[in-house]
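Written out below as structure tokens is the structure these notes cover.
The values are calculated or read from the model by the stated rules, or taken from the named source; none is laboratory data. Quick caveat: nothing in here was measured; it's all calculated off a predicted structure. All Cβ positions, even for glycine, are placed from backbone atoms using ideal geometry, and neighbour counts span all protein chains on display. Protein only, heavy atoms only, side chains kept; ligands, DNA and RNA dropped before computing areas. Shrake-Rupley method; radii C 1.70, N 1.55, O 1.52, S 1.80 Å.
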Amino acid sequence: MSRLAFLNVRLVDPESDAMTVGSVLVEDGKIGDVTTDNVPAPSDTTVVDCGLRYLAPGLVDLGVKVCEPGERHKESYRSAGLAAAAGGVTTMITRPDTTPAIDSPETLEFVTRRANEAAPVNVLPMAALTKGREGREMTEIGFLMDAGAVAFTDCDRVITDTKVFSRALTYARSLGALVVAHPQDPGLSAGAAATSGKFASLRGLPAVSPMAERMALDRDMALVEMTGARYHADQITCARALPALERARANGLDVTAGTSIHHLTLNALDVADYRTFFKIKPPLRDEQDRLAIADAVSTGLIDVISSMHTPQDEESKRLPFEEAASGAVALETLLPAAMRLWHSGLISLPCLWRAMSLNPARRLGLDTGRLSRGAPADLVIFDPDAPFLMDRATLRSKSRNTPFDGARMQGRVLSTWVGGTCVYEKP
């Protein structure tokens, strides 16, 4: 039996909403005793003295894009896995918006095999909801679940045919499958590079109203009410969408929602000098929206914070702002960016870990995300106060399109553990 003891740690426990000083014993890859004092470790135990650093469940990142198959030059399972480990992410939930889309059991088995061979962290794939993500014919949801799909999504390609979407939701409901949708009206948001308002007009950027998000969410909530499906909104980014989410919860619908770390820590003014690393989808919102979304995370209305890691190569970003590809890498910056929310007093550490670890794990039926006896020893040790200057050249992702390049940040991952095995240790 292999034993590991983490002593002198500040425990961040998202289940009990508490932070205490204590120790954690790991036996055979699972958490054993969690105590609020440093009891003597058994003689055959490897001891890790953490020096009162913080220990928390490893992050569960729902919505990571890995560009295999089709665009391996942007990101591979190996590079994404290394970036995840360096960022404290112990489980990646990957998106099916690849080339070709992950819409068949054969493709799903291929990426699962590649992930298991190459990535040092857990990788669980989502599959497409419709074939080719084209919104016309649903995929073989049952077969894909048997092959390991944990959820179904067409990512940012919104299904416009409500009959197709309602049938897919009904079939998913019959199988207990989770559907992840992107609430954004495709007509209003087509070609948009910014959020509508005075700033976008002054910059001459094509823009979209936040109402596009609310309209799409209202439609989706009506279909969920009609079908009874399990539904997760991948990104809620504006205050106007929150009332629809509140009504859905009040009506007892099986609905959860997420947001991205970029929408929680950046706003529309950050695109002032047309830096395309700040072009993401949906576009960055006004500061009032950012604060409203942070408050929704704090109160539990928004359940999940994810990186929405979207690698783009230099050629697709070195273009005029409205022509450049959307997306930013964030596996390694998720934790330090989240520390901005804690240092500013907007969200507590246990609440952050509920949104970044416990809640996504629960939504997907995973055992991880907890500091409880018997849970997998997927852990991260970090220093939330460690300052550093972000240099994108140091990122482990193949693509380095981060909006935090050159930013002063606080919060460093010191080590990451998957199943009781160290997969990353800060040099």
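Number of residues in the stretch 92-104 that are open to solvent by 20 Å² or more (accessible area, probe 1.4 Å) and of a type outside the set (D, E, K, R) equals 3. Total residues in the stretch 266-278 satisfying the condition of being over 16 Å from Gly327 (Cβ atoms) and hydroxyl-bearing (Ser, Thr, Tyr): the figure is 1. The criterion of at least 2 residues that are within 29 Å of His232 (Cα to Cα) is met, among strands (runs of 3 or more DSSP E) falling completely within the stretch 320-427, by 379-389, 408-418.
Might you let me know whether the stretch 148-161 holds any residue that is assigned to a helix (DSSP H, G or I), open to solvent by 10 Å² or more (accessible area, probe 1.4 Å) and in contact (Cβ under 8 Å) with a residue 24 or more places away in the chain? No, every residue in the stretch 148-161 fails to be assigned to a helix (DSSP H, G or I), open to solvent by 10 Å² or more (accessible area, probe 1.4 Å) and in contact (Cβ under 8 Å) with a residue 24 or more places away in the chain.
If the condition is being open to solvent by 40 Å² or more (accessible area, probe 1.4 Å) and either touching a residue at least 40 places away in the same chain (Cβ under 8 Å) or within 17 Å of Ala325 (Cα to Cα) (or both), then the stretch 292-304 contributes Asp295, Ser298. Tell me which residues, restricted to the stretch 315-341, are over 19 Å from Leu284 (Cβ atoms), free of Cβ contacts under 8 Å to residues at least 60 places away in the same chain and either in contact with a Gly (Cβ under 7 Å, 6 or more places away or on another chain) or not basic (Lys, Arg) (or both). Hit for the stretch 315-341 is Glu315, nothing else. Picking from residues in the stretch 189-200 that are within 17 Å of Gln288 (Cα to Cα) and among the hydrophobic types (A, V, I, L, M, F, W, C), the one that is surrounded by the fewest Cβ atoms within 10 Å (Cβ to Cβ) is Phe199. Select from the stretch 234-280 the residues that are out of contact with any helix residue (DSSP H, G or I) (no Cβ under 8 Å at 6 or more places or on another chain) and modelled with pLDDT under 95 and write down the one among them that is surrounded by the fewest Cβ atoms within 10 Å (Cβ to Cβ). By that ranking, first place goes to Asp273. Hey, among Asn122, Asn116, which residue is open to solvent by 10 Å² or more (accessible area, probe 1.4 Å), polar (S, T, N, Q), over 19 Å from Tyr231 (Cβ atoms) and at pLDDT 95 or above? Residue meeting the stated conditions: Asn122. Taking every residue in the stretch 271-291 that is free of Cβ contacts under 8 Å to residues at least 12 places away in the same chain and pairing it with any residue that is crowded, with 22+ Cβ neighbours inside 10 Å, at least 6 positions away or on another chain, yields no pair with a Cβ-Cβ distance below 9 Å.
Considering the stretch 1-30, and only residues there that are among the polar types (S, T, N, Q) and farther than 15 Å from Trp353 by Cα, the residue that is surrounded by the fewest Cβ atoms within 10 Å (Cβ to Cβ) turns out to be Ser2.
Listed by first and then second residue, the pairs with beta-carbon distance under 6 Å, at least 6 apart or on different chains, first residue in the stretch 47-76 and hydroxyl-bearing (Ser, Thr, Tyr), second open to solvent by 40 Å² or more (accessible area, probe 1.4 Å) and in a strand (DSSP E or B), are Tyr54/Arg10. One residue stands out among those in the stretch 132-142 that are touching a residue at least 24 places away in the same chain (Cβ under 8 Å) and within 22 Å of Gly327 (Cβ to Cβ): the one that is nearest to the chain's Cα centre (by Cα), which is Arg133. Within the stretch 31-50, is there a residue that is open to solvent by 30 Å² or more (accessible area, probe 1.4 Å) and modelled with pLDDT of 95 or more? No, every residue in the stretch 31-50 fails to be open to solvent by 30 Å² or more (accessible area, probe 1.4 Å) and modelled with pLDDT of 95 or more. Within the stretch 339-364, the residues that satisfy the criterion of being open to solvent by 50 Å² or more (accessible area, probe 1.4 Å), farther than 18 Å from Thr20 by Cα and over 15 Å from the mean Cα position of the chain (by Cα) are Arg340, His343, Ser344, Gly345, Leu346.
Scanning the stretch 249-270 for residues being under 22 Å from Asp154 (Cα atoms) and either among the small types (Gly, Ala, Ser) or under 20 Å from the mean Cα position of the chain (by Cα) (or both) gives a total of 10.
Here Met145 clears all of (1) under 21 Å from Ser166 (Cβ atoms); (2) open to solvent by less than 30 Å² (accessible area, probe 1.4 Å); (3) within 23 Å of the chain's Cα centre (by Cα) except the condition numbered (2).
For the stretch 201-233, which positions are free of Cβ contacts under 8 Å to residues at least 12 places away in the same chain and either part of a helix (DSSP H, G or I) or crowded, with 22+ Cβ neighbours inside 10 Å (or both)? Passing the criteria: Ser201, Leu202, Ala222.
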